[in-house]
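Data first, discussion second: the structure below is written as structure tokens.
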Amino acid sequence: MKQQNLVESFNSAIEGFIYVFKSQRNMRLHFLIGLFVILLGIFLNLTYIELVILCLTIAFVLFAEMFNTAIEHTIDLINEAFHPLARMVKDICAGAVLLSALAAVIIGYILFANRVGVRIEENIIKIKESNWHITFIILIVILVFVLLSKILLHSGTPLRGGMPSGHSAMAFSIWTIISLLTPNSIVVFLVFILALLVARSRVRDRVHSLLEVVSGALLGVFITLLVFQILRS
């Protein structure tokens, strides 16, 4: 292969970026959001250090997306037939993109929070006083616990089957939340029936065993009570 000169190397790099930008919707979305965030940072008069951190974070997300695309194309070139390991490699790369995007959101919030007059301490107080925020936090925590349990136990897939049942955990968590927030016993009873029907459907459809459903229900109730106790104490 003929060695490229400096100009040809730059042209190849730019063409690679343009190809990913044109062919990958996520790349276009990340790029436009990143451009908007940088312009917002300039408008809010971020310091040079803050702008550097912001640019590096955005570049890391774009790099992860380009790396993911390159790996996917390489796997498709080497092996056109379906292979479990090839799928796993693609999933790992997609997970890396997701992780970089989540990190970018956190860094962006930290950088912009003080600039727009938002104090983290005040937000924490507002969250503790808001039933909607507490409910959202509980459901996110349950989702994370269910996914981690399935990963550690090598059971089922992230969104189907395995120990514990995520549907049962969510359903009984919602029942517990409503039980804690409303004095209406009829509403509490009806939601409990709905949670039982959700759990029963997972066993009936043979997606989960009875043990997995019961474990999910107990997990949902326990985490809900624990988070309520922590945030409302």
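Just a few scattered comments:
- The set of residues from segment 159-192 being within 25 Å of the chain's Cα centre (by Cα) and not in a helix (DSSP H, G or I) comprises LEU159, ARG160, GLY161, GLY162, MET163, PRO164, SER165.
- Residues that are assigned to a helix (DSSP H, G or I) and either in contact with a His (Cβ under 9 Å, 6 or more places away or on another chain) or of a type outside the set (A, V, I, L, M, F, W, C) (or both), drawn from segment 19-37: TYR19, LYS22, SER23, ARG25, ASN26, ARG28, HIS30, GLY34
- Residue ID - nearest to LEU147 (Cα to Cα), chosen from residues in segment 165-189 that are aliphatic (A, V, I, L, M) and free of Cβ contacts under 8 Å to residues at least 12 places away in the same chain: VAL187
- Test: residue in segment 76-88 that is at pLDDT 80 or above and in contact with a Lys or Arg (Cβ under 9 Å, 6 or more places away or on another chain): no
- GLU129 satisfies every condition listed in (1) assigned by TED's automatic domain parsing to the domain that holds LEU226; (2) modelled with pLDDT of 85 or more except (2).
- Pairs where the first residue, in segment 1-28, is surrounded by fewer than 11 Cβ atoms within 10 Å (Cβ to Cβ) and the second is modelled with pLDDT of 85 or more, C-beta under 9 Å, 6+ apart: LYS22/ARG28
- One residue stands out among those in segment 70-107 that are touching a helix residue (DSSP H, G or I) at 6+ places or on another chain (Cβ under 6 Å) and not hydrophobic (A, V, I, L, M, F, W, C): the one that is farthest from LEU29 (Cα to Cα), which is ASN79.
- Some residue of segment 69-86 being surrounded by fewer than 17 Cβ atoms within 10 Å (Cβ to Cβ) and under 20 Å from the mean Cα position of the chain (by Cα): no
The values are calculated or read from the model by the stated rules, or taken from the named source; none is laboratory data. Quantities reported herein were computed from a predicted structural model and do not represent experimental measurements. Reconstructed Cβ throughout: ideal geometry from the backbone, glycine too, with neighbour counts over all protein chains shown.
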